[in-house]
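The values are calculated or read from the model by the stated rules, or taken from the named source; none is laboratory data. The shown structure was predicted, so the numbers you read here are calculated from the model rather than taken from an experiment. Please note: Cβ atoms are built from the backbone with ideal geometry, for glycine as well, and neighbour counts cover all protein chains shown. These area figures cover heavy atoms from the full protein model, side chains too; ligands, DNA and RNA do not enter into them. Shrake-Rupley method; radii C 1.70, N 1.55, O 1.52, S 1.80 Å.
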There are 2 protein chains.
Amino acid sequence: MFKNIKNYFNQLITFIEDDWLLFEERLSIIEIKKGDYLLKEGQTCKMVSFIEKGLVRLSCTIDYKDVTTGFATENEYISDYESFLLQQPGKYNIQAIEDCTFINISYLDLQYLYKQKLVFSDAGRKISENLVIIISHTLTALLTQTPEERYLELVQIKSPLLQRVPQYMLASYLRITPEHLSRIRKKISGN
Amino acid sequence: MFKNIKNYFNQLITFIEDDWLLFEERLSIIEIKKGDYLLKEGQTCKMVSFIEKGLVRLSCTIDYKDVTTGFATENEYISDYESFLLQQPGKYNIQAIEDCTFINISYLDLQYLYKQKLVFSDAGRKISENLVIIISHTLTALLTQTPEERYLELVQIKSPLLQRVPQYMLASYLRITPEHLSRIRKKISGN
DNA sequence: GATTTCTATTGATAAATGTTAATATCCTTT
DNA sequence: AAAGGATATTAACATTTATCAATAGAAATC
């Protein structure tokens with residue numbers, strides 16, 4: 001069951017067998033169906049979820065409209081990090097675009113582990129650092145690219161994702177209307 | 001000399017006197033003049049810099065144009081985190097908008113400290129977590145607000161900063177042209 | 001203090017993107 | 001297979017924002 005999450009951690013850090021045991025007994029598993037929510041805005045995010053299977057989107061409501069701000073899929077983490085880290089009510093929804101299986105660790109269990117051994121604090125630091133890299137890159141892309149360029153990069157880097165996400169959600173993520181995305185796609189495909 | 005940086009850390013974590021000694025002997029001080037660069041794109045960012053005095057901007061070059069992506073001032077950190085964390089050449093410049101004094105810690109010294117004591121790894125984790133919160137918030141703002149709304153928030157939250165930054169840099173940061181910012185300001189001030 | 005350079009504003013026009021509405025396509029469900 | 005609902009495309013038009021050009025204002029340099 002924990003093969004994927006173990007692989008993920010092995011890329012970051014060296015756990016000995018004993019660390020794994022301590023870690024695994026803190027994990028919980030949740031399954032939800034397509035369309036269902038793992039987290040709704042206004043709730044305090046209690047856990048970080050490793051995606052064992054499926055695809056989710058991160059969204060929030062702006063001017064009564066639902067805006068997709070990110071996607072995450074197999075072997076990635078998802079959480080409302082701001083809400084999770086501050087343990088305050090957050091602004092984000094996490095919704096399953098496909099049936100999903102999550103492996104979760106709660107805030108309290110994580111704090112417990114951080115205090116137990118340096119290796120856990122190190123792992124937490126590295127995961128945070130990775131997040132900084134990922135979010136920084138997203139931010140830079142948004143600051144420096146046009147919608148068309150962002151779409152092209154998405155096609156290049158996350159092509160498999162495009163097949164699994166409805167276009168209107170992609171448009172929302174790219175910060176353009178579905179109509180405009182449709183025009184960009186037409187233009188790219190060669191008028 | 002290290003009063004400000006100590007205050008900053010005391011908000012995050014409890015260092016004992018011994019920790020401070022270990023920490024302080026790893027710090028270095030750099031001063032640069034207005035207009036000069038602490039880091040230029042293409043270089044690998046070797047350190048994280050606490051701003052003791054002054055004001056800097058983070059920028060990168062897009063289509064031969066210089067784009068401001070962030071500001072940082074007294075009692076904040078600045079770095080090209082992506083370049084720093086990966087120890088790879090980066091895309092960002094750090095330029096002094098005013099004469100600056102930085103207190104720096106190098107990548108290698110930081111790795112050394114992380115191995116010494118849990119408290120340093122914990123501090124590093126918390127700083128990364130703070131960064132995640134800050135960058136996430138910036139990202140969300142960019143995803144969900146119009147240029148005018150972003151300007152108004154900037155006025156509210158970082159009013160002192162506005163006095164110190166030329167308007168064309170602000171415009172670049174808001175992702176609009178200086179002309180457009182000028183029009184927004186005119187409109188807000190009451191036609 | 002005059003000159004020069006950089007910065008900010010304004011107006012006219014162009015380009016990009018959004019809005020609305022109609023139609024077409026695809027997917028479910030029956 | 002038909003019906004219904006969701007999603008995607010297309011067109012006409014509106015709005016936002018950028019571009020270009022000219023001018024005004026501010027700040028640095030001599």
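The residue that is farthest from B:Asp109 (Cα to Cα), counting only those in the stretch B:42-73 that are at pLDDT 95 or above and surrounded by fewer than 19 Cβ atoms within 10 Å (Cβ to Cβ), is B:Gly42. Within the option set A:Leu143, A:Leu86, A:Leu131, A:Leu110, being under 30 Å from B:Ile62 (Cβ atoms), at pLDDT 90 or above and within 11 Å of chain B (Cβ to nearest Cβ) holds for one residue only, A:Leu131.
Would you mind telling me which numbered condition in (1) in contact (Cβ under 8 Å) with a residue 24 or more places away in the chain; (2) touching a helix residue (DSSP H, G or I) at 6+ places or on another chain (Cβ under 8 Å); (3) farther than 18 Å from B:Gln145 by Cα A:Pro147 fails? A:Pro147 satisfies every listed condition except (3).
So, in the stretch A:67-90, of the ones that are small (Gly, Ala, Ser) and within 8 Å of the chain's Cα centre (by Cα), which residue ends up nearest to A:Glu52 (Cα to Cα)? Only one residue fits best here, namely A:Ala72.
Of the residues making up the stretch B:1-15, not one is loosely packed, with under 10 Cβ neighbours inside 10 Å and not in a helix (DSSP H, G or I). Check the stretch B:178-186 and report whether any residue there is more than 10 Å from chain A (Cβ to nearest Cβ) and either more than 11 Å from DNA strand C (Cβ to nearest atom) or among the hydrophobic types (A, V, I, L, M, F, W, C) (or both). Yes, because at least one residue in the stretch B:178-186 is more than 10 Å from chain A (Cβ to nearest Cβ) and either more than 11 Å from DNA strand C (Cβ to nearest atom) or among the hydrophobic types (A, V, I, L, M, F, W, C) (or both). Annotation: A:Ile97 fulfils all but one of (1) within 13 Å of DNA strand D (Cβ to nearest atom); (2) exposed (fewer than 14 other Cβ atoms within 10 Å of the Cβ); the unmet one is (2).
Among the residues of the stretch B:74-89, those identified as open to solvent by 10 Å² or more (accessible area, probe 1.4 Å), over 22 Å from B:Lys6 (Cα atoms) and not in a loop (DSSP other than H, G, I, E, B) are B:Glu82, B:Leu85, B:Leu86, B:Pro89. Quick one: would you say B:Phe71 is out of contact with any Lys or Arg (no Cβ under 9 Å at 6 or more places or on another chain), in a strand (DSSP E or B) and of a type in the set (Phe, Trp, Tyr)? Taking the combined requirement at face value, the residue does not satisfy it.
Only one of the numbered conditions (1) surrounded by fewer than 20 Cβ atoms within 10 Å (Cβ to Cβ); (2) within 12 Å of chain A (Cβ to nearest Cβ); (3) more than 28 Å from A:Thr14 (Cα to Cα); (4) touching a residue at least 40 places away in the same chain (Cβ under 8 Å) is violated by B:Tyr92, and that is (1). None of A:Lys115, A:Lys126 is in contact with a helix residue (DSSP H, G or I) (Cβ under 6 Å, 6 or more places away or on another chain) and either in a helix (DSSP H, G or I) or within 14 Å of DNA strand D (Cβ to nearest atom) (or both) except A:Lys126. Being over 23 Å from the mean Cα position of the chain (by Cα) and either at pLDDT 90 or above or more than 14 Å from every other protein chain (Cβ to nearest Cβ) (or both) is not true of B:Arg164.
Candidates are the residues of the stretch B:133-176 that are assigned to a loop (DSSP other than H, G, I, E, B) and surrounded by 13 or more Cβ atoms within 10 Å (Cβ to Cβ); the one that is nearest to DNA strand D (Cβ to nearest atom) is B:Ile176. Evaluate the stretch B:121-131: report whether one residue or more is more than 23 Å from B:Tyr173 (Cα to Cα), open to solvent by 50 Å² or more (accessible area, probe 1.4 Å) and not aliphatic (A, V, I, L, M). There is at least one residue in the stretch B:121-131 that is more than 23 Å from B:Tyr173 (Cα to Cα), open to solvent by 50 Å² or more (accessible area, probe 1.4 Å) and not aliphatic (A, V, I, L, M).
Out of (1) buried (at least 18 other Cβ atoms within 10 Å of the Cβ); (2) among the aromatic types (Phe, Trp, Tyr); (3) part of a helix (DSSP H, G or I), the odd one out for B:Phe102 is which? Of the numbered conditions (1) buried (at least 18 other Cβ atoms within 10 Å of the Cβ); (2) among the aromatic types (Phe, Trp, Tyr); (3) part of a helix (DSSP H, G or I), the odd one out for B:Phe102 is (3). The one condition from (1) modelled with pLDDT under 95; (2) open to solvent by 90 Å² or more (accessible area, probe 1.4 Å); (3) not polar (S, T, N, Q) that B:Asp36 does not meet is (2).
Here the stretch A:177-191 is the region considered, the condition is being near DNA strand D (Cβ under 10 Å from one of its atoms) and small (Gly, Ala, Ser), and the residue that is nearest to A:Gly35 (Cα to Cα) is A:Ser182.
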